[in-house]
Every structure is written in C-alpha cells, then in structure tokens.
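Below you'll find the structure, written out as structure tokens, and then a few comments.
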Amino acid sequence: MSVKSAFAVYRGYRVPHLQLIEHRRRWFIFSGILIALSLIGIIVSGFHFSIDFVGGAEVNYSPSTPVTPDQIQSVLDKYDLPGEIQLVSGGEGVSIRTDALTAVGDREALINELASQAKISPEEINVEDVGPTWGQQISRKAIRGLLFVLLFIAIYIAWRFEWSMAAGAMIALVHDVLITAGVYALVGREVTPETVIAILTILGFSLYDTVVIYDKIKENTESAALTARLGYTGVVDMSLNQTVMRSVNTSLVVLLPILSLLLFGGQTLKDFAFAMFVGVAIGAYSSIFIAAPVLTIIHERQVKRGSAAQPTTRTVRAPAPQPAIAAADDAAATSATAAMASRPRPKPKPRNKKGQPAKRKRR
C-alpha cells in the first residue's frame, strides 16, 4: 500500500495528500533566504529604538489652531533637535518625540514658541523626560524572562514528548524571532515596549501550533503497524496532512483581527499589530515546514547512530590449505589409487546353468 493510499483510508479520514517532508529542502532554502535577509537588515539597518529604550523627551499638547508637522519641525530646527511629530486624535493633538530637553539652552523658550504657534498657554504643554536607564532595565528583564521561558518550555516538551521534539520546537522559535526582528529592521519601524510584548505573544502562538502537530505525530507513531508500513517519515507526513488545515484555519482567524488593527488602529496599536502579524504568519509557517522536518532529520540521525553502535556478527571461515600440504594430499591420493589398480583381480567362481555357484566334486 502506498503512502497516498494509506492517507486516504487511515481511520476513514479525508486528508490532503501534500508531500511536505519529501520537499523539505525547498522549505529550508526559503527559510535560509529569509534568515539571510533578516541578518542583513539587523546588521546594516539596525533597530530604530523608541525613547523608552534610548531616552529622550515626549511633548504633548492640543493646539487651538491647526498646525502642520512642517511648522512644528521648523521650531525644533532652531534648537537643533530631531523630532518625530505625530498628529493624534484626528489632528486635535500633537505628540513630539525628541532628544532630552535638559540639554537645550533655553527650555522655556522652546515651550513658549510652541505654545505661541499653537495659540495656547505654555502651561498646556506637557513635557515628559524619559531616561535610558528605564529602557535598559526593561530590555534586561525581557531577555532574562525570555531565556527562562524558553528553558522551561524546552524541559516540558522533552518530558511530555521527547528531546528531539524539544530541539525542533526551539529551532522553530529562533527561526520565528529572527525573521520577525529582521523584518522590523528592514522596514525601519520603531521598536517600543509594545513590540517586546508582541514578540512574547508570538512565541506562545508558535509553540501552541507546534505542540499540536507534535502531539498528533506522537499519537500516530505509537501505532507499531502504521510505523512499520509507512516508516517514521511517512507517519510524520501523514500527521502533518491531518493537522495542516487546522493550523491554517487557526492562523487565519488570528490574522484577520490583527490586520484590522494594522489598518485602522492608532500608531501604538499599529506597531504592536505589525509585529503580531509578521510573527503569527511566520509561526504558522515554521510549525509545519520547519519544526516537523527538523524532527525527522533528528530521528533519522538517531536511527543511523543506533545501527552503527550495534555489534555485527561475522562468519568465520576455515583457512585455505597451504600449497605444499595440498600437493602432498594429491600425491597420496594418486598413489593409493594406483596401488588399488595394481592388485590382481580374483578369478570369478564357476557357476552352473542356473547361474548358481557350482559345487566342487569330492575326490
């Protein structure tokens, strides 16, 4: 019975006939290209961190007369300040992110000029200074928490399933985080604390999808008859075909609300939604095309290592006779045959007409 026919009749399920493990090199090449582009983006472009990580000042106010970002930037240019200007609440509010205002020679002059431009009093302008120490603390805690969570998850998967599945899940996680970070660097989006939260959420979703697939693989490989008929790779391929539509449907249900946030949400929500959208899409891809193929590769290497470690039985053959001994044996056999041939043959006994031995006459 072929693998495809087994897919069609196994427990009466109607499942796709996708040869996912057979074409695993294609998926690895595609992921390698994405990882290479991500590394280029991270090394060349780098990350655009918000003031929560690098420090700075945030200025918020509501002008009574319409102002444009170019007008506000002209005021900042007088004090050699870079600025990220956003019009919020439909243009009714202004949010400015710039360097720390403590280094500005005349802080009050800047505030007064912005207030005069917006036709408001200086007291209505809210200025918040953010130091880089707070961002560094957040980064350290986030990295520490991420490493702890990954270690705990790896131990749990190894205990609940097997260590090869834990290794496959960790490789898929690194794949997801690296590509998501690389896309963030390539598009130049600002890295905010919301981005860190989105990445942690991505890890949870990717692990959930991977664990569902691994659970199905473990359930099918426990059948000795099925494993003997299809092989381990065939059982993994069948398990993927049984769960691929569930993974795709779950991912689409999650991606649609995220897409609505990305299109219609505010700037803060857009940063969060962008990281979530990329991460969920990559997580759904890695669970099917990375985690399961990596598991088959690890299992194949385990089988080869186990077969190489088993002792092999050798057949001991008798040593071939030496030429001198063989020649002596041949000579002895020839002489024995000649001696037997030289012996006189006994005379045949006389017989009567009936063929019986004739009786001797007594004298």
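Run down VAL174, VAL183 and say which single residue is open to solvent by 70 Å² or more (accessible area, probe 1.4 Å) and under 21 Å from LEU34 (Cα atoms). Explain how you work it out, then say what you get.
Numbers: VAL183 fails: open to solvent by 70 Å² or more (accessible area, probe 1.4 Å).
Result: VAL174 is the single residue among VAL174, VAL183 that is open to solvent by 70 Å² or more (accessible area, probe 1.4 Å) and under 21 Å from LEU34 (Cα atoms).
Each residue in the stretch 48-103 was checked for being within 12 Å of LEU114 (Cα to Cα) and touching a residue at least 60 places away in the same chain (Cβ under 8 Å), and 4 of them qualify. Hey, can you tell me all the residues within the stretch 42-59 that are in a helix (DSSP H, G or I) and crowded, with 20+ Cβ neighbours inside 10 Å? Hits for the stretch 42-59 are ILE51, ASP52, PHE53. Of the residues making up the stretch 109-131, one or more are at pLDDT below 75 and open to solvent by 30 Å² or more (accessible area, probe 1.4 Å). Within the stretch 285-298, the presence of at least one residue that is at pLDDT 85 or above, touching a Ser or Thr at 6+ places or on another chain (Cβ under 8 Å), surrounded by fewer than 18 Cβ atoms within 10 Å (Cβ to Cβ) and of a type outside the set (S, T, N, Q) is confirmed. I'd like to check something: does the stretch 199-213 contain any residue that is in contact (Cβ under 8 Å) with a residue 12 or more places away in the chain, open to solvent by 10 Å² or more (accessible area, probe 1.4 Å) and outside any helix (DSSP H, G or I)? Checking the stretch 199-213: not a single residue is in contact (Cβ under 8 Å) with a residue 12 or more places away in the chain, open to solvent by 10 Å² or more (accessible area, probe 1.4 Å) and outside any helix (DSSP H, G or I).
What do you reckon, is TYR156 aromatic (Phe, Trp, Tyr), under 24 Å from PRO293 (Cα atoms) and open to solvent by 80 Å² or more (accessible area, probe 1.4 Å)? Spell out how you get there, then give the answer.
Numbers: aromatic (Phe, Trp, Tyr): yes; under 24 Å from PRO293 (Cα atoms): yes; open to solvent by 80 Å² or more (accessible area, probe 1.4 Å): yes.
When the stated conditions are applied, TYR156 passes them.
Among the residues making up the stretch 2-25, a single one is loosely packed, with under 11 Cβ neighbours inside 10 Å and at pLDDT 85 or above: ARG25. Of all the residues in the stretch 183-206, those that are farther than 18 Å from ALA142 by Cα and modelled with pLDDT of 85 or more number 4. Among the residues of the stretch 228-238, the ones that are open to solvent by less than 40 Å² (accessible area, probe 1.4 Å) and free of Cβ contacts under 8 Å to residues at least 40 places away in the same chain come to 2 in all.
The values are calculated or read from the model by the stated rules, or taken from the named source; none is laboratory data. Please read all numbers here as calculations on a predicted model, not as lab measurements. Here Cβ is always computed from backbone atoms with ideal geometry, including for glycine, and neighbour counts include all displayed protein chains. Just the protein is used for accessible areas: all its heavy atoms, side chains included, with ligands, DNA and RNA removed. Shrake-Rupley method; radii C 1.70, N 1.55, O 1.52, S 1.80 Å.
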